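Here is the structure we will look at, set down as structure tokens.
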Amino acid sequence: MRSLAQRPCGRVSTARRGRVAITVRAQASSANGSKWPLDVVVVGAGIGGLVTASALLEAGARVRVYEARSLEQALDGPGGILVQANGEKVMRLLDSPWPTPSSSSSSFSASSLSDAVYAVGGPVMSGGFRSDRGDYLYYAAVDSTGLKDLRSNGLGISRRSLQNILHAALPAGTVTFGAPLKAFTAPPAGQAGAVKVEFEDGTVESCDILIGSDGVRSKVRAQVLREAAGEAAPEKLRYSGTVCWRGRVPMSRVGKGAEWLSQQVNGDTWAEYWGAGLRFGFFQVGSEVARDASAPGGLRQEGEPQIAWYAFANRPEDWSPEPGADEVARMAGMFKDFAAPVPQVIAALDPASVSYGRIYDQLPRPAPWAAGRVTLLGDAAHAMMPTLGQGGCMAIEDGLELANELMAAAGGLEGPQADAVAAAGLEAALRRYEASRAPRTGRVADQSYQVAELAMADKPVSVWLRNTIYRLTPKWAGDKQFEYLYTDYVPAWKEGVRQGRQFGAGAAAAPAQQKVGAA
């Protein structure tokens, strides 16, 4: 993969990147200071589940991840994701199996998952919220989050690429695909014994800890709530009142090409346009990572720089596109009066590449999120509106904070399946994790919902008022509201928790051909 020093330092890179083979080294086992290897099952192989698996492995745990979807479905996804400053800080703390070339072409240095994402995607630079006419309502300069280097403002990458990188960074066999959860059975609080996890095919797995990271419609959360309240009815999610279309498109196909696109947004790497009940945005995500069994490590970097785009419209919950409808034509009509380059981005789209869905979230839930040796993570715990682009970043934070609490509590204890003291200690660690995360994730969810309400205003008076307030708000005040999110959050490993990961002897000098991360 390209080194950090080789990356262009300007706002926009329009050069086509060549095919780059991404190599992965075999992982050796590691152990923490506990008397037994903590055994964790994670349900859900989304961003949060895969990051959590990496963090727990670095702390010496045994980890198995189970995903209901097939490998092809789980390691794909429409559009992109902004791994913003807070998420990028966590990714720097997690080891990557892809070595970073040093100043000497014959040697390599250790690298992080942030390095891997940066090499494929690209940095988040300046950008802002704009009116449908194109003028700024809120402008975020490159130093708005305390920029320390080119990537500390955040990284943009396609969902497909991120999922493939996170998956391939795990040892072979860590993730089992096509394994939908049926139910789990956990010992009563404070009691020893194994957590039993049953899947739809009848397979039953035993573990010390169960982590539900299975999304907004989490089966783990549903069972937790049923057992806590004795209710059989499914949980009611909150419909946002909006539907979303999204996808990716090469920058070269938009308007007169990548340079033209950059000029339309003043060199910004992201832009979002607000109209009346309509919203359209895009951001740069770099090239693509594809699975390739013939490539070293099973991954190949390919293609040209892209943008991930998204469009929102206010619609009732029962609305859905007509069968066979051309969604590109629909969006072209909805956004025809928006400033360039919005119509040009839509004109460049292939209808077959457009994804559509309704947007739901949950009312922020106070701690505790679960009971016993079961917990929740990511959207399963705190699904939020995508307005601030923080859903994935909150899940990334969850992964590190959960690994810290669990493995700090595990040190020196006997296994919880045989020892009630160990079981109680781990339960207390899970409740501390939930208590520490609930206020922060709740605040982000509330703020995301509030900004969404403003962004999707659809009455002329409310649109005028929204735009006027944003234009008159001093930039320092706009930046201040996000300090807690980006600047104040300083993640770190707890003392003695991080054991590190070994990815194979001699692999730095001569990357191994073994494919890591296979199903």
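Brief remarks follow.
- Exactly one residue out of Gly442, Gly506, Gly500 is open to solvent by less than 30 Å² (accessible area, probe 1.4 Å) and modelled with pLDDT under 90: that is Gly500.
- Residue tally, condition open to solvent by less than 60 Å² (accessible area, probe 1.4 Å), within 23 Å of Phe312 (Cα to Cα) and assigned to a helix (DSSP H, G or I), over the stretch 450-477: 9
- Residue tally, condition among the basic types (Lys, Arg) and open to solvent by 10 Å² or more (accessible area, probe 1.4 Å), over the stretch 274-303: 2
- Qualifying residue in the stretch 94-105 (condition: in contact with a helix residue (DSSP H, G or I) (Cβ under 9 Å, 6 or more places away or on another chain), at pLDDT 95 or above and over 30 Å from Ala311 (Cβ atoms)): yes
- Listed by first and then second residue, the pairs with beta-carbon distance under 7 Å, at least 6 apart or on different chains, first residue in the stretch 216-228 and under 10 Å from Ala183 (Cα atoms) and touching a residue at least 60 places away in the same chain (Cβ under 8 Å), second open to solvent by 30 Å² or more (accessible area, probe 1.4 Å) and of a type in the set (D, E, K, R), are Val220/Asp214.
- The requirement of being in a loop (DSSP other than H, G, I, E, B) and β-branched (Val, Ile, Thr) is fulfilled nowhere in the stretch 178-201; no residue meets it.
- For the stretch 478-490, the candidate set comprises residues that are modelled with pLDDT of 90 or more and either open to solvent by 80 Å² or more (accessible area, probe 1.4 Å) or not assigned by the TED database to the domain that holds Val90 (or both); within that set, the residue that is nearest to the chain's Cα centre (by Cα) is Val490.
- Answer residue from the stretch 159-191, given it is open to solvent by less than 40 Å² (accessible area, probe 1.4 Å) and farther than 21 Å from Val65 by Cβ and is farthest from the chain's Cα centre (by Cα) among those: Gly190
- Condition broken by Ala340, with the remaining ones in (1) open to solvent by 20 Å² or more (accessible area, probe 1.4 Å); (2) of a type in the set (Gly, Ala, Ser); (3) assigned to a strand (DSSP E or B) satisfied: (3)
- Restricting attention to the stretch 386-426, the residues that are open to solvent by 10 Å² or more (accessible area, probe 1.4 Å) and not in a helix (DSSP H, G or I) add up to 9.
- Number of the condition not met by Ser206 [criteria: (1) over 19 Å from Leu363 (Cα atoms); (2) in the same structural domain as Met331 (by the TED database)]: (2)
- Number of residues in the stretch 82-94 that are touching a residue at least 24 places away in the same chain (Cβ under 8 Å) and open to solvent by 10 Å² or more (accessible area, probe 1.4 Å): the value is 4.
- Only one of the listed residues (Gly49, Gly87, Gly79) is at positive phi and at pLDDT 90 or above. That residue is Gly79.
- Selection of the stretch 202-214 for residues being among the β-branched types (Val, Ile, Thr), in a strand (DSSP E or B) and in contact (Cβ under 8 Å) with a residue 24 or more places away in the chain yields Ile209, Ile211.
- Counted residues, the stretch 215-263 - those being open to solvent by less than 60 Å² (accessible area, probe 1.4 Å) and assigned to a loop (DSSP other than H, G, I, E, B): 7
- Gly44 meets all of the listed conditions (1) surrounded by fewer than 17 Cβ atoms within 10 Å (Cβ to Cβ); (2) at pLDDT 80 or above but one, namely (1).
- Residues of the stretch 304-355 that are more than 17 Å from Trp274 (Cα to Cα) and among the hydroxyl-bearing types (Ser, Thr, Tyr): Ser320, Ser353, Ser355.
- Hits in the stretch 309-337 - residues which are more than 23 Å from Ala457 (Cβ to Cβ) and buried (at least 16 other Cβ atoms within 10 Å of the Cβ): Glu327, Val328
- Ala370 vs. criteria assigned to a loop (DSSP other than H, G, I, E, B), surrounded by 22 or more Cβ atoms within 10 Å (Cβ to Cβ) and not basic (Lys, Arg): yes
The values are calculated or read from the model by the stated rules, or taken from the named source; none is laboratory data. Everything quoted here is computed from the prediction, not taken from an experiment. FYI the Cβ positions are ideal-geometry reconstructions off the backbone, even for glycines, and counts take in every protein chain you see. In case anyone asks, the SASA skips ligands and DNA or RNA and just uses the protein heavy atoms, side chains included. Shrake-Rupley method; radii C 1.70, N 1.55, O 1.52, S 1.80 Å.
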